[in-house]
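Below is one structure; the comments refer to it alone.
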Amino acid sequence: MKALQVSKITKSYDKVPVLRRVSFSLEVGERAALMGPSGSGKSTLLNCIGGIDRPDEGEISLQGQSLKGMDENELCRLRRGTVSTVFQFFHLLPTLTAAENIEFPLQLSGMSESERKVMLPELIEEVGLSHRSHAMPHELSGGEMQRVAIARALAIRPKLILADEPTGNLDSATGEVILDLLEAISERHGIAMLLVTHSPGVTRICRRTLEMRDGLLVDQSEAAV
Amino acid sequence: MEGNATLNERPVAIGRLLWSRIIWRHWRREPRLILVLVGILALGVAVFLSVRLANKAAVSGFGMFTESIAGESDFILRPTAGTLDVSALRQLRERAGSTPVGIFPVLEVSAVSADRPEDGWVKMVGADLVALQNAAIYTGGGALVAGDSAAGDDGIPGLADRGFVGSSFARRFGIVKGEAMPLIVNGVPVEFDISGVIPENPNLPSVPDNLILMDLPGLQSLAELEGKLSRIELRIAPGIEAGENRQKIGALMWDLAAEKGWILETPEDRKSSVTQMSAAFRLNLTILSGLALLVGIYLIMQAMEAAVVKRRGEIAVLRSLGVTPAQIRAAWLWEGFILGLAGAIVGIILGRLMAMGLVVAISRTVNTLYYETTTSAVTLERGEILFSLVFGVTASLVAALIPAREASMTLPAQSMREGGQGGGLALLRQWPLGLILLAVGIGFAFVPPRVLASGSIVPLGGYLAAVVLVLSASLLIGLLFKPLSMILKRGGKDDPMRLYAASQLRRPEGRHRLTAAGLAVAIGMSAAMGILVASFETTLTGWIQQLLKADLYVAAAGTNSVTNGNTLSASTWEMIEDIPGVSGTDKIRRYEVSVQENNFFLGGVDYNDDPDRFLQLMWLEPPALKGPASLETRSGEAFPGWASESLARRFSLEVGSRIPLPTAEGERPIEVAGIFAEYGNETGTLLVARKFTREWFGDDRISNLAVYLDPEADVELVLETIRKTFPGLVARTNRKLRTDSIRIFHQTFAVTYALEAIAVFIAVAGLGLALAGLLLERRDELATLKALGATRREIARSAMWEGIGLALAGLTGGYLLSFLLGWILIFVINPQSFGWTLSYHVPWFSYIALAAITLSTAAGVAWSVGYRNANLRGERKE
């Protein structure tokens, strides 16, 4: 079963086409880079896959489960258990501490306090933030914020992580560390990842690179790993 | 030259650029937000305006009628006490000499409809109808009954039992011309023929719906007041010499009034002396208008702060591009000006509509407590419109200035990093300043009152204390967020949305503080008014308990207001005293008198001889002598009298002080023998023995009769006998009178409750609007929450908890503030303004009810705001 199957999806905003019959798939545990210039439709594609937006046409399936026809609550359940997102600007909830941000999706999924107490330190440990767990987002560096965002995405043990420019707001050294972390997590937990990026450096952890332009998927190339 | 011109035009050019490219586009992009802003501004203006309009409309009824008897009189001559003798007309005419002046004698008497006594009382005005018809020459056709309109087809009638009514009166009582209307005048039933209905005249004030106009001799005879007048109105004939004549007549009449011990006043003086009587009520309304004003300002600041804070990032970008802080401030102030103007215009329309509802409640209170009035239509004058526009725009500008100034002064890099988050009014974070203000506010409460040149006492320290304490509460409210956040968090460990809401309160934004402060002010001031009302009620109940010891109370129908002049004749009360079972009576005759241009009530009292029943008043300084002797034993020239607490305060009286009392027989010195508590009116009462007032005013009628029965007598039987024998009298049992007194008390404060409810409603609406703004600002966070799997209902629930947290902060702060404000109202403002000693009483049940209503409304509003905003699209998208 494929982790992600995208079939001929189309999306327009105000009659301006943003995605045009885009199709591709990801195997379980596979990492792919999605590249392309600004405005090519990368983030819209990510939103559609994450169930935050809906395509006008076409079909998206996660773990064999089609998103088509799912109502808002079903999409919410999907985001709580199957797919999670890492953003370029981290989007941590500014009023929650690092640990609380990571714990948040666990609480949403209804995990008991005793289970959370076991899992939370593991997650914090996994992203190397044990010493900063009580810090507020504004007290963290960019790299640390992205680690929190990754741990938050990882918390629900998703089958697919969507990463929107995960290193775009970081210096290159920190970006490298974050990429290593993503790769390690993907390998360790068998999580498929779709990484939207402008940076060719990101492709080093990906098996495939998808190239988008003007809403079209113009190229799918195997990376020389 | 050209270079200079370019330099001079640059600020304008930049201003225009900021407008067209930034502000205007913002408006176009977010019309909903702009509508919310204008809505908030409009609400603030509307509440303030509606209270002003309603108050004005309710109390203006009296003045309008006074003016309309002879068009608009130039002068009014009235006695200091009792009535004027008709011989005054001759003296007046002689003194005026050849100066052209219209003289219009007027007698006013109260009556009540025999069929529908519950419909309130009717004012009967006796005037010289022939003179009035001729009044057109003095008024240019503007007299109330000028021309044929009043006389109808019957010409001028001179009959005692005929009168004219306005069309509103005819509609109210369902009568037509020629019909008879049964009335009770001074306790005596009479059949009264309606000779004509005065049609509506668009150029004149409408005739009140409780007015009967009749010929003067007719009313004098009907009311058994032959040869007596209530006042004389004077009208100068128009023309080129009118100004000179007015001055001349004014001087002549002033001399005559001084000589005869009368009062000469203009209609404006009369109006102000009438409204002086309702000082307590007006204070009540002033506090409530102040409450509305403050809540309005908080709402406006909230809205403007949100608009500026939201664009802090943008402001930073502009600064980085070289726009100066002054230019940024100017642009945002212009925005504040335009929003303020738009809000004020909408607010004026809304306020006008709200006033129509309020005016009914206010006029009912005024009618019950002070004087007969009719509800005049709510009129929106140019002055009110201008005032509201200035209020709305100024509040909007002040509200915009503080956050715009803060934003324009912040370093661009910092603003860009923080973006739309944080910010707000830095002032509201200054809790140490709040503590200082708290101390200053308490200090102000001990400042002695200020005595004005007019003799009025203004509790300036008390008012200042209240304002400073309100400000202090606004600054201290921020301290409540952390503990509240912990409580919220502790109660919902497994509810992430509740934890998220708690985290918002743990790090409150300026908006949170401002919203909670606005709510605290509304709750604090409303609850403080509640303390005042409850304390008043508790004290009043105790006073009534002490005062009402008789078994039955009898009065002429319609005497449900302190200024009503209906009386019982000697033969009536003598017959009641002869009813089997009646063991004794107390009698009181009330007069309205004026000393040093201050009106108060004179009571001629006749206590029965039973020493156990004597001196039932609540004494602050009891008289030295016991029994009736205290009021009857003269010391030298002076007559003994008992002064009420408020009278003693107004005239600085102590036991042993003297006050000159105007009577029909000239001035009489009264020596204060005791001071008693009285909560029936705030103008004050002086009690003397009725045997003296009977002598001074040549009048054996009484206003009220308290009847004591033998222990074995059947109360109901005696009551029934009185009712049957005297259908024009109102007889009530002790219990009924107590119940009625409390009912009237609650009716008095009905408008207070209504306005409190409006203030709290607006504050809660402000909370909803603030949350809507917060969620708009947090749209990226909402998008994140949704990306994490939160449903729309869960986001709504989080908003609900945040709203509950805000409401809890507002309630806690508001209640703490109310205890202090209540203390100031009861122990500082109240005794200084009215001289009433009240006991402090907190209405706990009302507090719980208010908290429950506020919390549940806040929860509902916040949930729906959260639900509506949960689908906002985040700003990030490619």
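Just so you know, all these numbers are worked out from the coordinates, no wet-lab data involved. Here the structure is a predicted model, which is why all the values come from computation and not from measurement. Neighbour counts are summed over all protein chains in view; Cβ atoms, including those assigned to glycine, are modelled from backbone coordinates with ideal geometry.
Annotations
- Ranked for footprinting exposure by Cβ neighbours inside 10 Å, fewest first, B:485, A:109 give A:109, B:485.
- The H on the amide N of residue B:212, modeled in the peptide plane, is under 5 Å from the matching H of B:123, B:124, B:125, each at least 5 residues off or on a different chain.
- For the range B:648-662, 3J(HN,Hα) computed residue by residue from phi via the Karplus equation (6.51, -1.76, 1.60; θ = phi - 60°) reads 4, 5, 5, 10, 6, 9, 10, 4, x, 6, 10, 9, x, 9, x Hz, glycine and proline entered as x.
- Pair residue B:338, residue A:89: separation of 7 Å Cα→Cβ label points (nm): 2.6 nm
- Restricting the range B:565-595 to GluC sites (Glu not before Pro) in coil, as DSSP defines it, with at most 15 other Cβ within 10 Å: none
- In terms of other Cβ atoms within 10 Å, A:198, A:134, B:512 run from fewest to most in the order A:134, A:198, B:512.
- Per-pair calculated FRET efficiency, R0 = 30 Å: residue B:691 and residue B:736 via Cβ, rounded to 0.05: 0.50
- By the count of other C-beta atoms within 10 Å, a proxy for reagent exposure, B:708, A:13, B:607 are ordered fewest to most as A:13, B:708, B:607.
- Alpha-carbon spread of the range B:558-727, three principal axes, descending order, Å: 47, 30, 29
- In this calculation the C-beta distance from residue B:191 to residue B:743 is compared with R0 = 30 Å, giving a FRET efficiency of 0.45.
- Inter-label distance for residue B:753 and residue B:848, nm, one decimal - labels placed 7 Å from Cα along Cα-to-Cβ: 1.8 nm
- Model label zone, residue B:451; criterion: amide N under 16 Å from point 7 Å along Cα-to-beta-carbon; scope the range B:644-666: B:646-655, B:657-659
- Cut-off under 5 Å, modelled amide H: who pairs with residue B:668 long-range: B:661, B:663
- Trypsin sites (Lys or Arg not before Pro) lying in DSSP loop within the range B:428-536, provided at most 12 other Cβ fall within 10 Å: B:493
- The modelled label-to-label distance for the pair residue B:546/residue B:486, using points 7 Å beyond Cα in the direction of Cβ, is 4.8 nm.
- Near-label residues of the range B:580-594 by backbone N, under 19 Å of a point 7 Å along Cα→Cβ of residue B:725: B:580-588
- Short-range pairs are left out: with C-alpha atoms under 8 Å and at least six residues apart, the relative contact order of chain A is 29 percent.
- Relative contact order computed over the range B:558-727 (Cα-Cα under 8 Å; 6+ residues apart), in percent: 32 percent
- Gained length - residue B:624 relative to residue B:867, 0.36 nm times residue gap less alpha-carbon distance: 80.2 nm
- Greater than 22 Å apart at Cα, pairs in A:159/B:493; A:15/A:159; B:260/B:587; A:68/A:159; B:228/B:248: A:159/B:493; A:15/A:159; B:260/B:587; B:228/B:248
- 5 angstrom amide H check on residue B:430, placed H, neighbours 5+ away: none
- Annotation for the range A:85-178: GluC sites (Glu not before Pro) lying in DSSP loop with at most 11 further Cβ atoms inside 10 Å of their Cβ do not exist.
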